[in-house]
Amino acid sequence: MAMATEYTPDAPPRADVDALQGPSVIEFGTNWCGYCKAAQPLIAQAFNDHADVRHLKIEDGSGRPLGRSFRVKLWPTLVFLDNGREVARLVRPHDVSEIRDAFALIGQASST
């Protein structure tokens with residue numbers, strides 16, 4: 001699965017996100033956000049090792065229901081999901097290792 005390059009304004013309903021099967025990452029941000037742009041090389045590098053993980057890149061902002069349901073306050077925010085359940089969250093990641101550490105948590109919750 002290729003990593004998305006642009007944030008989409010088309011967000012799925014929360015019920016659809018909660019029903020996702022397998023590993024997923026929702027990345028909340030905007031295409032004009034400087035922090036989001038700065039984090040893209042780190043996120044892309046981490047996704048190189050996890051091409052099988054679903055990546056939803058969702059445009060966020062005031063009044064956007066999906067971001068509000070996850071209580072997103074700063075961008076980018078990455079929410080790591082395992083079968084629709086949040087297992088990790090990163091806000092404004094500064095290092096690829098912290099993203100890789102969060103990827104490692106996907107699958108652990110369901111195997112314990």
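Here, each number is a calculation from the coordinates, and none is a lab measurement. Computed from a prediction, not measured in an experiment: that's the story for all the values here. Note: ideal-geometry Cβ built from the backbone for every residue, glycine included; neighbour counts use all protein chains shown.
Under a 5 Å amide H cut-off, with hydrogens placed 1.01 Å from N, Ala88 pairs with Phe80 among residues at least 5 apart or on other chains. Each Lys or Arg adds one and each Asp or Glu takes one away; over the other residues whose Cβ falls under 13 Å from the Cβ of Tyr7, this sums to -2.
When the inverse distances between all different Cα atoms of segment 14-111 are averaged and flipped, the Kirkwood radius reads 13.5 angstrom.
Across segment 14-111, the relative contact order, built from alpha-carbon pairs under 8 Å that are at least six residues apart, equals 37 percent. Annotation note: trypsin sites (Lys or Arg not before Pro) in segment 59-102 located in DSSP loop regions with a Cβ neighbour count of at most 14 within 10 Å are Arg71, Lys73. Mean-square fluctuations from a GNM of the chain, with a 10 angstrom spring cutoff on Cα atoms, peak among Asn83, Asn48, Asn31 at Asn48. Among Leu20, Leu81, Leu56, the residue with the largest mean-square fluctuation in a Gaussian network model of the chain, with springs joining Cα atoms closer than 10 Å, is Leu20.
In sequence order, segment 22-38 has phi-based couplings of x, x, 8, 10, 9, 10, 9, x, 9, 5, 9, 6, x, 5, 5, 4, 5 Hz under the Karplus curve 6.51 cos²θ - 1.76 cosθ + 1.60, θ = phi - 60°, and Gly or Pro positions carry x.
Backbone amide hydrogens, once placed in the peptide plane, bring Phe70 within less than 5 Å of nothing, excluding anything fewer than 5 places away on its chain. Charge dipole (Cα centre; +1 on Lys/Arg Cβ, -1 on Asp/Glu Cβ; no other charges) of the chain amounts to roughly 360 debye.
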